[in-house]
């Protein structure tokens with residue numbers, strides 16, 4: 001049980017595949033599922049949509065709200081926190097939303113749990129062979145989650161502002177960025193050169209640059 005307790009201590013939120021890999025140690029799948037059921041019945045663990053989280057001691061399981069960033073990062077094997085959620089965890093959001101966005105090649109229907117709405121945005125076909133381009137790892141409660149970089153988030157929020165609270169909110173978030181890696185932004189736009197993405201995002205970037213980037217904090221694009 002020591003290995004199990006150590007896993008629960010270091011994994012406040014986890015998926016079945018992580019549990020099987022780290023706690024398996026020769027145990028059968030039935031044994032592993034029974035062990036999860038044991039902790040669930042004791043109130044030590046809670047679960048939603050295949051994601052488990054640890055309930056802290058002396059905490060009421062029914063009212064404990066897990067870290068939404070960690071939950072979203074486990075909803076799919078290739079989950080990447082994106083759009084406004086990426087700006088939030090990177091520290092550049094103008095507001096804090098109760099909706100949490102994540103991207104994945106495997107679309108899942110949105111759902112709500114304890115006042116938090118989780119929305120999956122399917123990755124476009126152009127990123128199928130390279131879904132983690134422009135993705136960084138961010139530490140959260142002792143774990144690492146995948147997050148779209150500031151540059152990729154900038155481009156995607158201008159392309160789909162509805163996932164960033166609207167165009168004005170997107171501009172406010174972008175205005176908070178201390179700098180932009182122009183080469184990374186260009187590389188991502190080139191990768192996404194499909195269905196008018198580069199054209200529309202380019203227009204949006206120039207429009208934002210004229211209003212929010214006039215202090216010269218950002219490099220100009222050719």
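The values are calculated or read from the model by the stated rules, or taken from the named source; none is laboratory data. Nothing here was measured: the structure is a model prediction, and the numbers come from that model. Heads up, the Cβs are rebuilt from the backbone with ideal geometry, glycines too, and the neighbour counts pull from every protein chain shown.
Out of 76, 112, I need the residue that is touching a strand residue (DSSP E or B) at 6+ places or on another chain (Cβ under 7 Å) and either assigned by TED's automatic domain parsing to the domain that holds residue 164 or within 18 Å of residue 161 (Cβ to Cβ) (or both). Which one? Checking each option against the conditions leaves just 76.
The requirement of being assigned by TED's automatic domain parsing to the domain that holds residue 89 and modelled with pLDDT of 95 or more is not satisfied by residue 173. If only residues of the range 54-72 that are touching a strand residue (DSSP E or B) at 6+ places or on another chain (Cβ under 9 Å) and assigned to a loop (DSSP other than H, G, I, E, B) are counted, the one that is farthest from residue 139 (Cα to Cα) is 62.
Tallying residues that are part of a helix (DSSP H, G or I) and exposed (fewer than 13 other Cβ atoms within 10 Å of the Cβ) within the range 11-39 yields 8.
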